[in-house]
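**Student:** Have a look at this one before I ask anything.
The values are calculated or read from the model by the stated rules, or taken from the named source; none is laboratory data. Bear in mind the structure is a predicted one, so any value in this text is a computation, not a measurement. As a convention, Cβ positions derive from the backbone with ideal geometry for all residues, glycine included, and neighbour counts pool all protein chains shown.
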């Protein structure tokens, strides 16, 4: 059987005319490579983070220190993926809270909302590529910085503290993103994030024991 060339069929669902540098709320999901459970385990519907999971948590909150315009909001680290909502408050607005939906407006010719959401279970069909955004896009740089810093620390701990090794890359090349356009959408996403451990057995990323 011929090997499947994932790059041949790779496609981006980034909105071509949307300015990802503008103020707004973004829901992001990043999965480990091959969805390997490296970050902890679920016990009685609660996530029990291991050292690697706590390391990923640390680098998530470091985003606020690296990127002045970014605020970290709701998040959940699962055994093989991380969900989080980040807020871009805009350049020069470090202390201003931007309510959901304020200034989150694509150009009129873009069309319908980006269809990556909890209701879709965020299957691989909806995976976008970091290459889909314009060069220097803050969203791309934010995700890449998180991946780089967490990967480097993970590698150090594989060598010094016998963390479980990974094959090739710690994180999948792609990530999932959703532009939060309304309070209703924000509340749905927050509920989805909070209930992720409870719904782990039915999660799209579930890997059994």
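**Student:** Out of the residues in the range 51-80 that are in contact with a strand residue (DSSP E or B) (Cβ under 9 Å, 6 or more places away or on another chain) and without any contact (Cβ under 8 Å) to a residue 40 or more places away in the chain, which is nearest to residue 197 (Cα to Cα)?
**Tutor:** 77
**Student:** Look through 40, 24 and report the one residue that is buried (at least 16 other Cβ atoms within 10 Å of the Cβ) and at pLDDT 95 or above. Reasoning before the result, please.
**Tutor:** Details: 24 fails: at pLDDT 95 or above.
Answer to the check: 40.
**Student:** Right, something else. Among the residues of the range 173-185, is there at least one that is surrounded by fewer than 14 Cβ atoms within 10 Å (Cβ to Cβ) and at pLDDT 95 or above? Before you say what the answer is, go through the steps one by one.
**Tutor:** First pass over the range 173-185, keeping only residues surrounded by fewer than 14 Cβ atoms within 10 Å (Cβ to Cβ): 182-184.
Next, only the ones that are at pLDDT 95 or above stay: none.
No, the range 173-185 has no match at all.
**Student:** Give the residues of the range 43-71 that are modelled with pLDDT of 95 or more, touching a helix residue (DSSP H, G or I) at 6+ places or on another chain (Cβ under 8 Å) and crowded, with 16+ Cβ neighbours inside 10 Å, sorted by residue number.
**Tutor:** 47, 49, 52, 55, 56, 59, 60, 63
**Student:** Then there's this: Working only within the range 183-209, note down all residues that are in a helix (DSSP H, G or I), out of contact with any strand residue (DSSP E or B) (no Cβ under 6 Å at 6 or more places or on another chain) and within 19 Å of residue 27 (Cα to Cα).
**Tutor:** Answer for the range 183-209, where residues must be in a helix (DSSP H, G or I), out of contact with any strand residue (DSSP E or B) (no Cβ under 6 Å at 6 or more places or on another chain) and within 19 Å of residue 27 (Cα to Cα): 183, 184, 185, 187, 188, 191, 192, 194.
**Student:** Would you point out the residue of the range 151-172, among those that are within 17 Å of the chain's Cα centre (by Cα) and part of a loop (DSSP other than H, G, I, E, B), that is surrounded by the most Cβ atoms within 10 Å (Cβ to Cβ)?
**Tutor:** Restricting attention to the range 151-172, the residues satisfying the condition of being within 17 Å of the chain's Cα centre (by Cα) are 151, 169-172.
Applying the additional criterion that residues be part of a loop (DSSP other than H, G, I, E, B) yields 169-170, 172.
Working: 169: 12, 170: 23, 172: 19.
So the residue we want is 170.
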